[in-house]
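Just below is one structure, and these are the notes that go with it.
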Amino acid sequence: MRRTFLHCFLTLLLPRSTLQTRRCMLSPESGPPPKRSRGNMVPPRIGTHNGTFHCDEALACALLRLLPEYRDAEIVRTRDPEKLASCDIVVDVGGEYDPQRHRYDHHQRSFTDTMSSLCPGKPWKTKLSSAGLIYLHFGHKLLAQLLGTSEEDSMVDILYDKAGFRRAMDLVREEFLQRLDFYQHSWLPARTLVEEALARRFQVDPSGKIVELAKGGCPWKEHLYHLESGLSPPVAIMFVIFTDQAGQWRVQCVPKEPHSFQNRLPLPEPWRGLRDEALDQVSGIPGCIFVHASGFIGGHHTREGALSMARATLAQHLTPRPASDPPVQ
């Protein structure tokens, strides 16, 4: 995460600026989170509002968590004044701007501050958001931390002005909109596709352990884990078959857990790493394309072939192993 953030700042630095920069001297200085009486092992708490979230407070919290003192901070989303009072730092809620108490809201009618008004010599006169306030007070420390240098390093001043919180917010905004577009147009519609596939699972194979995504690949894993728990009769899905962008068929194993590299039932070990005719010969299924070296996915030219690969793997798993010889008396 640090490297990605730093990369964003450095790319914004090009072309190199020859502007002279001046360090913004804030008073009072922004210090570490105040100590609380809950014990030394309790992480600090960053308070922000609940309900609909925006890039402003999301960026403010993300910037703070890049600092060592807030790296493990708990994010408390609430508008309850008592809960906010227990937080070490509060952003975008609470109706007060008080750096000494680490309160950084900008919604109150009395707030009119800009980078220029708080840092004389800076040219920016747009009223600051909460993320802007966090960047104003913590930006030099943050950049020094990411760059592995001191806050007095002239490079920090250059980057502070060149990157700026508004450019950082634009980056976060773009990434957020791309992620939201993915969720809206890919992830959420995939749930319906997975529901339909589960409803048809016994039409695909009598075991009910193979599902077919009729419209091709989609983000299916998270939906499968969630919907699978409600199946009747209960069954653990082992394989998902679907077409790829080239129109070829894939058979993919279901992982044991959402982000696990271990599968519930991998494709047979003798198939792994083989392709084309060599794979046809070993598997006994003509038309194979490949099986990954780890056995988590394979390819075939036809639906029937991909289904045969899944069925053959199930059959090998269900075939009873020969009983071992009894021990010699």
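The values are calculated or read from the model by the stated rules, or taken from the named source; none is laboratory data. Just so we're clear, the structure is a prediction, and the values are computed from it rather than from any experiment. Here the Cβ is made from the backbone with ideal geometry for all residues, glycine too, and neighbour counts use every protein chain on show. The accessibility values were calculated without ligands, DNA or RNA, using every heavy atom of the protein model including side chains. Shrake-Rupley method; radii C 1.70, N 1.55, O 1.52, S 1.80 Å.
Shape class of the stretch 67-138 from the alpha-carbon gyration tensor: oblate, with a/c at 1.5 or above and b/c at least as large as a/b. Each Lys and Arg adds +1 at its Cβ and each Asp and Glu adds -1 at its Cβ; summed about the Cα centre, the stretch 70-111 shows a dipole of about 100 debye.
What shape does the stretch 204-248 have by the C-alpha gyration tensor, where a ≥ b ≥ c are the square roots of the eigenvalues, rounded means a/c under 1.5, and otherwise prolate means a/b greater than b/c and oblate the rest? Since a/c reaches 1.5 but b/c is at least a/b, the shape of the stretch 204-248 is classed as oblate. The phi-based Karplus calculation (6.51 cos²θ - 1.76 cosθ + 1.60; θ = phi - 60°) puts the 3J(HN,Hα) values of the stretch 196-202 at 5, 5, 5, 5, 9, 4, 6 Hz, whole numbers, x for Gly and Pro. Structural descriptor for the stretch 138-297: relative contact order 12 percent, calculated from alpha carbon pairs under 8 angstrom and at least 6 residues apart. Phi angles across the stretch 147-152 convert, under the Karplus curve 6.51 cos²θ - 1.76 cosθ + 1.60 with θ = phi - 60°, into 3J(HN,Hα) values of 8, x, 9, 9, 5, 7 Hz, Gly and Pro given as x. As a fraction of the 1.4 Å probe accessible area of the stretch 158-311, surface on carbon and sulfur atoms comes out at 53 percent. Spin-label model, H259/E74: points 7 Å from Cα along the beta carbon direction are separated by 2.2 nm. The distance between label points at S110 and E152 comes to 3.7 nm (points 7 Å beyond Cα on the Cα→Cβ vector). In terms of Cα atoms, the Rg and Dmax of the stretch 196-293 work out to 14.1, 41 Å. Fully extending the segment from R275 to H226 would add 14.3 nm, taking 0.36 nm per residue of separation and subtracting the current Cα-Cα distance. For a straight C-alpha distance cut-off of 27 angstrom, the lysines reachable from K209 (same-chain residues fewer than eight places away being disregarded) are K221, K256. Using the Cβ-Cβ distance between D98 and E304 with R0 set to 45 Å, the FRET efficiency from 1/(1 + (r/R0)^6) comes to roughly 0.05. If R0 equals 45 Å, the separation of the Cβ atoms of Q203 and F53 corresponds to a calculated FRET efficiency of about 0.60. Projecting the Cα positions of C218, A278, Q252 onto the charge dipole of the stretch 202-329 (unit charges on Cβ atoms of Lys, Arg, Asp and Glu, taken about the Cα centre) puts C218 furthest along the positive direction.
Using a Förster distance of 30 Å, how high is the FRET efficiency between W124 and S86, based on the Cβ-Cβ distance and rounded to 0.05? E(calc), rounded to 0.05, equals 0.35.
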